[in-house]
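> Next up is a structure, given as structure tokens.
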């Protein structure tokens, strides 16, 4: 994983060091995108890494929600958040993450 470089030092450090700690503490889950059939090596680093975590959305923050009489609403809705997302700098511009 040492060869992974998304061009952002904070993200690089997170994926190389903090992601493992977060998984052990059950704070997030990191997934690795590689080319099919390839092992991660210094010549073939991961294409992208993404870390998910659980979260919630306070229902009062959803302005479009039309509350109906007689219906019970939770104060919070469960959510899954993308905590970190990094695309290796060699793969930028290929719309890997759907954000470019």
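> Could I get the Rg over Rh figure for segment 1-45? Both from C-alpha atoms, Rh via Kirkwood, rounded to two places. Intermediate values should be presented prior to the final figure.
Working: Rg = 11.5 Å, Rh = 11.5 Å.
Radius of gyration relative to Kirkwood radius: 0.99.
> Based on DSSP H runs of at least 4 residues, each adding -39500 (n - 2.57), what is the mean residue ellipticity at 222 nm of the chain after dividing by all its residues, to the nearest 500 deg cm²/dmol? Walk me through the numbers before you get to the answer.
Numbers: 2 runs with 11 residues, N = 100.
The helix contribution divided over the chain gives -2500 deg cm²/dmol.
> Cβ neighbours within 10 Å, averaged per peptide: list 45-55, 15-25 in order, most packed at the top. Could the numbers behind the result be given before it?
Working: 45-55: 18.0, 15-25: 14.3.
The peptides rank, most packed first, as 45-55, 15-25.
> GNM, the chain, Cα, under 10 Å: largest mean-square fluctuation among 66, 13, 39?
Checking each option, the largest mean-square fluctuation is seen for 66.
> Among 11, 85, 65, which one moves the most in a GNM of the chain with springs linking Cα atoms closer than 10 Å?
Judging by the Gaussian network model, the answer is 65.
> Classify segment 9-79 as rounded, prolate or oblate from the Cα gyration tensor: take a ≥ b ≥ c as the square roots of its eigenvalues, call it rounded if a/c is under 1.5, otherwise prolate when a/b beats b/c and oblate if not.
prolate
> Using alpha carbon centroids, what distance separates segment 63-88 and segment 6-52, in Å?
Centre-to-centre distance over Cα atoms comes out at 26 Å.
> Then there's this: Points 7 angstrom from Cα along the Cβ direction at residue 2 and residue 61: gap in nanometres?
4.0
> Would you mind getting me the FRET efficiency between residue 75 and residue 29? Use the beta-carbon distance for r and R0 = 30 Å, nearest 0.05.
0.75
> Sorted from fewest to most neighbouring beta carbons within 10 Å, what does the list 5, 44 look like? Please report the intermediate quantities before stating the final value.
On the way: 5 16, 44 12.
Ascending Cβ contact count within 10 Å gives the list 44, 5.
> When you count, for each residue, the other Cβ atoms within 10 Å and take the mean per peptide, how do 26-33, 86-93 rank with the highest first?
Working: 26-33: 14.4, 86-93: 16.1.
Highest mean packing first, the order is 86-93, 26-33.
Here, each number is a calculation from the coordinates, and none is a lab measurement. Computed from a predicted structure; not experimentally measured. Positions of Cβ are backbone-derived with ideal geometry, glycine not excepted, and every protein chain shown enters the neighbour counts.
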